[in-house]
Amino acid sequence: MDFLPAIVQPSLRDYQIDVRDRVRRLCARFNRVILQASTGSGKSVFALNLMLRCHMLGKRCLFIVSGRV
């Protein structure tokens, strides 16, 4: 990740690491995965971590956020 300073790269909490590992296993089995979690659970940090990893591996990733409240 030569285009991002180390301070920008998010670190995950233990429960987020568990979710990341589960999402990876699901991605290995399915073409698409949806993650739903409650407010404040760190979805944006998780998504950033996942997208940076996808970029490092040369893969595509799409993160969609609903604009409706």
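Laboratory data are not the source of any read-out in this text; all were calculated from the coordinates shown. These numbers come from a predicted model, not from an experiment. Quick reminder, even Gly has a Cβ in these numbers, built from the backbone with ideal geometry, and neighbours come from all protein chains shown.
Observations on the model:
- For S66 and S41, the difference between the fully extended length at 0.36 nm per residue and the C-alpha to C-alpha distance is 7.3 nm.
- Modelled label positions at L12 and R24, each set 7 Å beyond Cα in the direction of Cβ, lie 0.7 nm from each other.
- Expected 222 nm ellipticity per residue - DSSP helices of 4 or more, -39500 (n - 2.57), all of the chain, to 500: -14000 deg cm²/dmol
- Partnerless Cys - the chain, beta-carbon criterion under 4.7 Å: C27
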